[in-house]
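Every number in this text was worked out from the coordinates using simple rules, so none of it is lab data. Worth saying up front: this structure is predicted, and the values here are computed from it rather than measured. Cβ: placed from backbone, ideal geometry, glycine included. Neighbour counts: every protein chain shown.
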Amino acid sequence: MSDVIGLYPGTFDPPTNGHFDIISRGAKLVDKLIVGVAINAGKGPMFGIDDRIGLVREWADGLENRTLADRIVVKKMDGLLVHYAEAQGATCIIRGLRAVTDFDYEFQMTGMNSRLNSDIETVFLMASERCQFISSRFVKEIGGLGGDISTFVPPHVKAALENRFAMGEKVLSGAASKAY
């Protein structure tokens, strides 16, 4: 029997403890988990694609569970999700859900992906209770306004964000008007 390959796609700008929770749990369900870091220039990412790939790889390289770490492969992803999954030999797409609002969007995307390739299943993992409220957008907003983000991201991601803010990286538009 061939290995079961899963794909966990995302922008990961920046990768958060929520992302890493889904990656850890997803990697336990498959023989190989590809973390597809999307180029997605349309979102105007704070970090370039190579930086985001590096941040995820650094986390995976630091896992104490080497068996789990060896299942995780981090790659650049571009184009249509289903086409990328096909090219990688993935039979399932892993997605994380934090709230009902995530479900609505993911439900629509799953339906479209199924129409494009019904052989690729989507597997939803509910966010762990400690990660349900974490989003990359909030992490950037809070960090950009000088808030403590140490419980939302690992130390190496926190350092990368602090470096960006020290270099004058702008906080997302509208963030300055929010009180966190």
Legend entry - Spans of strands (runs of 3 or more DSSP E) in segment 1-120 with at least 1 residues of a type in the set (Ser, Thr, Tyr): 5-10
Legend entry - Cβ pairs under 7 Å, 6+ apart, first in segment 40-56 and closer than 17 Å to residue 17 by Cβ, second assigned to a helix (DSSP H, G or I): 55/156; 55/157; 55/160
Legend entry - Subset of segment 8-33 [free of Cβ contacts under 8 Å to residues at least 60 places away in the same chain and either of a type outside the set (Ser, Thr, Tyr) or under 13 Å from residue 77 (Cβ atoms) (or both)]: 10, 23, 27, 28, 31, 32
Legend entry - Residue that is within 15 Å of residue 27 (Cβ to Cβ) and crowded, with 16+ Cβ neighbours inside 10 Å, where the choices are 63, 81, 97, 55: 63
Inset, instruction - Looking only at segment 24-31, decide whether some residue is aliphatic (A, V, I, L, M) and closer than 25 Å to residue 155 by Cβ. - result: yes
Inset, instruction - Filter segment 123-171 for residues that are of a type in the set (Val, Ile, Thr) and either in contact (Cβ under 8 Å) with a residue 40 or more places away in the chain or assigned to a helix (DSSP H, G or I) (or both) and give the result. - result: 123, 134, 139, 142, 151, 153, 157
